[in-house]
Structure formats: structure tokens, C-alpha cells
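Q: Supplied in C-alpha cells, the structure appears directly below.
The values are calculated or read from the model by the stated rules, or taken from the named source; none is laboratory data. Remember, it's a predicted structure, so these values are computed and weren't measured experimentally. Counting neighbours? That spans all protein chains shown, and the Cβs are built from the backbone with ideal geometry, glycine included.
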Amino acid sequence: MRELRELLEQKSQKLEERLLQMSRSEKLIDPTEISNIAMEMAEIRGERAAFDKKQEILNHLLHEEARTDTLTGLPNRRDFTEKLTLEFSLLRRYEREPQSGQIERMLSVLHVDLDHFKQINDTYGHEAGDRYLRIAAEHMKAALSRESDIIGRMGGDEFAIVVITKDAEGVERVAAHIKQAVLTASTAAKRELEKMRGISLPEDEGNISASVGYATLEDRDRVPKELLERADYAGYVAKKGGKDAVASYYFARALDDNEEMYRMFMNEKNGASNPEVTVS
């Protein structure tokens, strides 16, 4: 596209040079030639405008592609993290500048890990796995009732959600709705798989569920990453506890036995085998 732009610039420059030569010439200027040059320059301006519009659309598409998970259409990790950072900053400002009669707002992050997804991939292939991911993403997004709710795919079978509620019960309800949404998505995805393969699966095969962990913003939090990590850990505990479950961060830490589970979590996240992990 840059070559096209350069070609238009060259054509325009040549026409301008012709006009300059005509103005300096002692010969009588031909009105028809002037008219033809004006028409050509008008066409070039039109082509430039069309080119610029196409370039603008292309740049927008590239921008969106860089921020969107191509499989599910959800924000990717980068875009989700930026949106979380913005919500984090807005809420902090909201807390610093209280207005009379304002409603208390709680910002929470949910971490969603799809249970048994690896088994779907290994048994039925990546095409089937992609269907399950797309359908799960659609159902989870549909389960979020507020425009302010944000869901993104963090990678693989992991998703994250930002919600703002007025109390703890609000985020608990969202977590329960998300867990149920994945169960509903599992039924729909399983039907599609059976139709695609022309098979009938036993009741206990081809199913996924969700382990959901959540954490709420605290005064001590300085960066959104801390909130994400706590929600991730709560989800880890929900999964280790039997899957298809919801756990808050504080419930997860209350279950910790000498913080051994937290050490295991940090080792897995860091890809480390050294058990000597500092726990903050």
C-alpha cells in the first residue's frame, strides 16, 4: 500500500510540474489542457482519500487483532490486563474523591479454568477443543449481565473476568453464574461434537466444567497484577479441591496447611521444582 501512495504522490508532483512549466512559458495557455490537468488532480485527490480511508480501516483491524483472541473473539491477555488496569485506576480515584451519596463499589477478578479440557483435546482433537473453547466463551460472556463486566481469554483454557459489585454477595453470584454457564456450554459443545463425529457419547464423557476463583481489591493492592494472582490462586485451590467449584481467595488461604498448597501453586506457575519458595 505504501507503493500505491508513492505512485499517487509522483503523479501529483508531475502534474504540478506541468502547471509550473505552463505558467512560465511564453506560449498561450490552452484552457483544455488546464481543464484536463485539473480533472487529473481531482482524481488523484479522490484516490488519496480512498487510500487513506483503507489505510485507516486496515490500521484499526490490525489494532483489534493485536488485542483480540482470534479463536473466541474475546480480549486477549494484553487487552484484558489493560482494561483491568484502567478499572483499577478509576476505582482508586473514585475512592480518593468520594461524592455525597455515592454507592460503595467493589472491584473483583475471577479466574476461570476449564476442567477436563485437556482430555477433550487429547481424545477428540484440537478442532473439537476449539469448539468447546468458543462455546464456553460465548456462554460465559452471555452470563455477564452488566456492560461494565469484562471477560478475556488469558491463554489455553484459562479465562479472567473483571466485575464491579456493591457487595461480596454480588461477586459470589457472578462466580456461580459463570460456573453454571460452563456446564450449559459443555452440554451444547458435546452435542456439536456428537453431531460432527456421528457418535453418541456416554453421559460421563465429553464434559467440561469450571473451577472458578475470585479475589476482591484491597487497600494494600498497588498494582492489578496482585489481584490477578490472588484470583488465580483461588481458582487453583478450587481445582485441587475437586473441580466444578468456586473458591474465594480468603477461603483458599484458610484451607492452606502450612502454606504447602501455595508453595505448590507458585512452583507450578514459575515452572520451578525447588520447594524453597518465599511466600509473601
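Q: Is there any pair linking a residue in segment 109-125 that is in the same structural domain as V174 (by TED's automatic domain parsing) and more than 30 Å from S148 (Cβ to Cβ) to one that is part of a helix (DSSP H, G or I) and among the aromatic types (F, W, Y), with Cβ under 7 Å and at least six apart or on different chains, and which?
A: I120/Y132
Q: Checking the conditions here, which among I120, I150 is under 13 Å from the mean Cα position of the chain (by Cα) and at pLDDT 95 or above? First the steps, then the outcome.
A: Numbers: I120 fails: under 13 Å from the mean Cα position of the chain (by Cα).
The conditions single out I150.
Q: If you don't mind, another one. May I ask you to verify whether K195 is more than 30 Å from R93 (Cα to Cα), basic (K, R), free of Cβ contacts under 8 Å to residues at least 24 places away in the same chain and in contact with a helix residue (DSSP H, G or I) (Cβ under 9 Å, 6 or more places away or on another chain)? Walk me through how you get there before you give the answer.
A: On the way: more than 30 Å from R93 (Cα to Cα): yes; basic (K, R): yes; free of Cβ contacts under 8 Å to residues at least 24 places away in the same chain: yes; in contact with a helix residue (DSSP H, G or I) (Cβ under 9 Å, 6 or more places away or on another chain): no.
No: the conditions fail for K195.
Q: Take the residues in segment 65-80 that are part of a helix (DSSP H, G or I) and within 8 Å of the chain's Cα centre (by Cα), then tell me which one is surrounded by the most Cβ atoms within 10 Å (Cβ to Cβ).
A: In this case the residue turns out to be F80.
Q: A further question follows. Is there a residue being among the charged types (D, E, K, R) and in a loop (DSSP other than H, G, I, E, B) anywhere in segment 166-176?
A: Yes, segment 166-176 contains at least one residue that is among the charged types (D, E, K, R) and in a loop (DSSP other than H, G, I, E, B).
Q: Another question, if that's okay. Evaluate the following for S148: is it in a helix (DSSP H, G or I) and not aliphatic (A, V, I, L, M)?
A: In short, no.
Q: Okay, moving on. Select, from A181, A188, the only residue that is part of a helix (DSSP H, G or I) and under 26 Å from F251 (Cα atoms). It would help to see each step written out before you state the result.
A: Working: A188 fails: under 26 Å from F251 (Cα atoms).
Selected residue: A181, the only one of A181, A188 that is part of a helix (DSSP H, G or I) and under 26 Å from F251 (Cα atoms).
Q: Under 7 Å between Cβ atoms, at least 6 apart or on separate chains: pull out the pairs that start in segment 212-224 with a residue that is at pLDDT below 85 and end on any residue that is hydroxyl-bearing (S, T, Y).
A: none
Q: Checking the conditions here, which among A160, A175, A168, A142 is over 13 Å from the mean Cα position of the chain (by Cα), crowded, with 22+ Cβ neighbours inside 10 Å and in the same structural domain as T216 (by TED's automatic domain parsing)?
A: A175
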